[in-house]
Amino acid sequence: MTTTAGASAALLVLADGRFPAGGHAHSGGVEAAVRAGRLDDAAALERFCRGRLHTCGLVAAGLAAAAATGHDPLALDEAADARTPSPALRATARKLGRQMMRAARAAWPSAALDDLAAARPRGAHQPVVLGVAAASAGLGPPDAARAAAHESVSGPATAAVRLLGLDPFEATAVLARLAPEVDAVTAHALRRAERVAAEGTDALPAASAPLLDILAEHHAAWPVRLFAS
Amino acid sequence: MHLDHPETYPQRHAPALSAPDPRPDGRRRALRVGFGGPVGSGKTATVAALCRLLRDELSIGVVTNDIYTREDAEFLLRHAVLPPERISAVETGACPHTAIRDDISANLEAIEDLEEAVGPLDLVLVESGGDNLTATFSRGLVDAQAFVIDVAGGDKIPRKGGPGVSTADLLVVNKTDLAPLVGADLEVMARDAKAQRGDLPVVFTSLAQADGIAPVATWVRTRLAAWTAAA
């Protein structure tokens, strides 16, 4: 698939933190990490984001790239389930996918989005929806993968600013320092997504972050919390 | 800012993006009414009193938007104003104003899920977490909104204005029973509110009194009648 004229600007719309797809209510594990005493400053945020990028971020980027390529989103949705052992994180991914679907159908209506919404009315995994949305916006797999990888660290950085009163300039500098790694993860995810046609979804990255899984399960059980995940 | 005429509610959504209106059976979808306002002004108490008064005549659902998860929803559950399956809590990531104005997707989903689980609903009350004077609901989320302030928050609030005070479809000035105790002048509040709001309605309530919710309930019934008639 080729990127069409104007598609670069569409990526800015899709990856904007203000895109109304529910991300603002999620910390990506930061709230639980802060409570556990594992994250209390910008340096720790950078370590946290780097870990998340190379695990969850890589997996999400691979799924998004494959979905934007046009591979069966339902097979990719199953592949996402297989890569998400934590029930809390599965629920979060589907909830965010449902919200992304609503925003994407408003922004870039398409038969592909309608079909996926009809097949998964309670929501498909968010990176899969993101990939289909990217294609509907005229974007290609590289942009879909890059948006997913970027999102895997931008959400946590914003949450850390709210939770810790962290200097917002420091948090943004963390994201800027991670940008080359976001590009590298994007490239890695793309190479894997290109193998899906021949090898199936098993070719996609399956990196895991057990501590994020455990933190997510703890977090989901808290009676009082600021973020949904 | 564009404000809808109070009697008509043009359809704002393609069916793919929000609950279809009218429903497949030809009835209108539930009227959605937002309740916003500062922390502690009595939004939850207002919603609870409305539910108690209207629950026998209307099918009601409530969506709360807490700063901390489920606090307000649990108040409503504890006081058993509605069966638990009619109350849904949206988590807002420390930003209730974002969830009711800038990114309304979680709230729309909560409403649709309530409709699916216990519908058809006549009325959905969407309560914001306590926020500042600029927090208003998106018109993509609610059809009408009330802004709840209280006399103990200071009788200067109407004069300060802000989008909530000046543009909400109804301004509720609550806890009037406390006015003598906190030195609040209700006439000054009424005059300042009039200056900010023109002809938009203002009601003064004291939920400590029997039937103290009546002025708000009357407003809700009027909106609902207009909504149903506009089918």
Just name the residue that is nearest to A:A33 (Cα to Cα) out of those in the stretch A:207-229 that are crowded, with 16+ Cβ neighbours inside 10 Å and within 11 Å of chain B (Cβ to nearest Cβ).
A:H219
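For (1) under 18 Å from A:G22 (Cβ atoms); (2) touching a Pro at 6+ places or on another chain (Cβ under 6 Å); (3) charged (D, E, K, R); (4) surrounded by 16 or more Cβ atoms within 10 Å (Cβ to Cβ), each residue gets a yes or a no:
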position: A:R35; (1), (2), (3), (4): no, no, yes, no
position: A:L39; (1), (2), (3), (4): no, no, no, yes
position: A:L45; (1), (2), (3), (4): no, no, no, yes
position: A:A65; (1), (2), (3), (4): no, yes, no, yes
position: A:G70; (1), (2), (3), (4): no, no, no, no
position: A:A88; (1), (2), (3), (4): yes, no, no, yes
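Can you tell me which residue in the stretch B:98-109 is surrounded by the most Cβ atoms within 10 Å (Cβ to Cβ), limited to those that are closer than 9 Å to B:N65 by Cβ and more than 7 Å from chain A (Cβ to nearest Cβ)? Spell out the reasoning first.
Filtering the stretch B:98-109 for residues closer than 9 Å to B:N65 by Cβ gives B:99-100, B:106-107.
After this cut, where a residue has to be more than 7 Å from chain A (Cβ to nearest Cβ) as well, the list is B:100, B:107.
Details: B:I100: 30, B:N107: 28.
So, considering only residues that are closer than 9 Å to B:N65 by Cβ and more than 7 Å from chain A (Cβ to nearest Cβ), the one surrounded by the most Cβ atoms within 10 Å (Cβ to Cβ) is B:I100.
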Go through the stretch A:196-229 residue by residue and tally those that are within 20 Å of A:V185 (Cα to Cα) and touching a helix residue (DSSP H, G or I) at 6+ places or on another chain (Cβ under 7 Å).
10
Looking only at the stretch A:80-99, decide whether some residue is touching an Asp or Glu at 6+ places or on another chain (Cβ under 6 Å) and either among the hydrophobic types (A, V, I, L, M, F, W, C) or closer than 23 Å to B:S18 by Cβ (or both).
yes
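Among the helices (runs of 4 or more DSSP H) confined wholly to the stretch B:117-231, which include 1 or more residues that are open to solvent by 50 Å² or more (accessible area, probe 1.4 Å)? Reasoning before the result, please.
Values: elements: B:157-160, B:163-167, B:179-182, B:186-197, B:214-229.
The qualifying helices (runs of 4 or more DSSP H) are B:157-160, B:179-182, B:186-197, B:214-229.
Among the residues of the stretch A:96-136 satisfying the criterion of being part of a loop (DSSP other than H, G, I, E, B) and under 13 Å from the mean Cα position of the chain (by Cα), which is farthest from the other protein chains (Cβ to nearest Cβ)?
Our first condition is that a residue be part of a loop (DSSP other than H, G, I, E, B); within the stretch A:96-136, this holds for A:108-110, A:120-125.
Applying the additional criterion that residues be under 13 Å from the mean Cα position of the chain (by Cα) yields A:124-125.
On the way: A:A124: 14, A:H125: 16 Å.
Among residues in the stretch A:96-136 that are part of a loop (DSSP other than H, G, I, E, B) and under 13 Å from the mean Cα position of the chain (by Cα), the one farthest from the other protein chains (Cβ to nearest Cβ) is A:H125.
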When the residues of the stretch B:81-95 are narrowed to those that are at the interface with chain A (Cβ under 10 Å from one of its Cβ atoms) and over 20 Å from A:R102 (Cα atoms), which ends up surrounded by the most Cβ atoms within 10 Å (Cβ to Cβ)?
B:C95
Is there any pair with a first residue in the stretch A:188-212 that is free of Cβ contacts under 8 Å to residues at least 60 places away in the same chain and a second that is part of a helix (DSSP H, G or I) and surrounded by 14 or more Cβ atoms within 10 Å (Cβ to Cβ) whose Cβ atoms are under 6 Å apart and which are 6 or more apart or on different chains, and what are they?
A:R195/A:A203; A:A203/A:R192; A:A203/A:V196
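Quick grid of which residues meet (1) among the basic types (K, R); (2) open to solvent by 40 Å² or more (accessible area, probe 1.4 Å); (3) touching a Cys at 6+ places or on another chain (Cβ under 6 Å); (4) in contact (Cβ under 8 Å) with a residue 24 or more places away in the chain:
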{"site": "B:P24", "(1), (2), (3), (4)": "no, yes, no, no"}
{"site": "B:G37", "(1), (2), (3), (4)": "no, no, no, yes"}
{"site": "B:K43", "(1), (2), (3), (4)": "yes, no, no, yes"}
{"site": "B:A48", "(1), (2), (3), (4)": "no, no, no, yes"}
{"site": "B:C51", "(1), (2), (3), (4)": "no, no, no, yes"}
{"site": "B:V62", "(1), (2), (3), (4)": "no, no, no, yes"}
{"site": "B:D66", "(1), (2), (3), (4)": "no, no, no, yes"}
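Does at least one position in the stretch A:138-158 carry a residue that is within 13 Å of chain B (Cβ to nearest Cβ), open to solvent by 50 Å² or more (accessible area, probe 1.4 Å) and in a helix (DSSP H, G or I)? Write out each step before concluding.
Filtering the stretch A:138-158 for residues within 13 Å of chain B (Cβ to nearest Cβ) gives A:155-156, A:158.
Right, trim to open to solvent by 50 Å² or more (accessible area, probe 1.4 Å) and you get A:158.
Then drop every residue that is not in a helix (DSSP H, G or I), which leaves A:158.
Yes; the residues of the stretch A:138-158 include at least one that is within 13 Å of chain B (Cβ to nearest Cβ), open to solvent by 50 Å² or more (accessible area, probe 1.4 Å) and in a helix (DSSP H, G or I).
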With A:A117, A:A187 as the choices, which residue is closer than 20 Å to A:A80 by Cα, at pLDDT 95 or above and surrounded by fewer than 19 Cβ atoms within 10 Å (Cβ to Cβ)?
A:A187
Filter result for B:R78 (of a type outside the set (A, V, I, L, M), open to solvent by 20 Å² or more (accessible area, probe 1.4 Å), within 14 Å of chain A (Cβ to nearest Cβ) and without any contact (Cβ under 8 Å) to a residue 40 or more places away in the chain)
yes
Hey, B:R32 under 25 Å from B:G162 (Cβ atoms), charged (D, E, K, R) and touching a strand residue (DSSP E or B) at 6+ places or on another chain (Cβ under 9 Å) or not:
yes
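The values are calculated or read from the model by the stated rules, or taken from the named source; none is laboratory data. Only a predicted model underlies this, so the values are computations on that prediction, with no experimental measurement involved. Here Cβ is always computed from backbone atoms with ideal geometry, including for glycine, and neighbour counts include all displayed protein chains. Please note that ligands, DNA and RNA were not included when accessible areas were found on the heavy atoms of the full protein model with its side chains. Shrake-Rupley method; radii C 1.70, N 1.55, O 1.52, S 1.80 Å.
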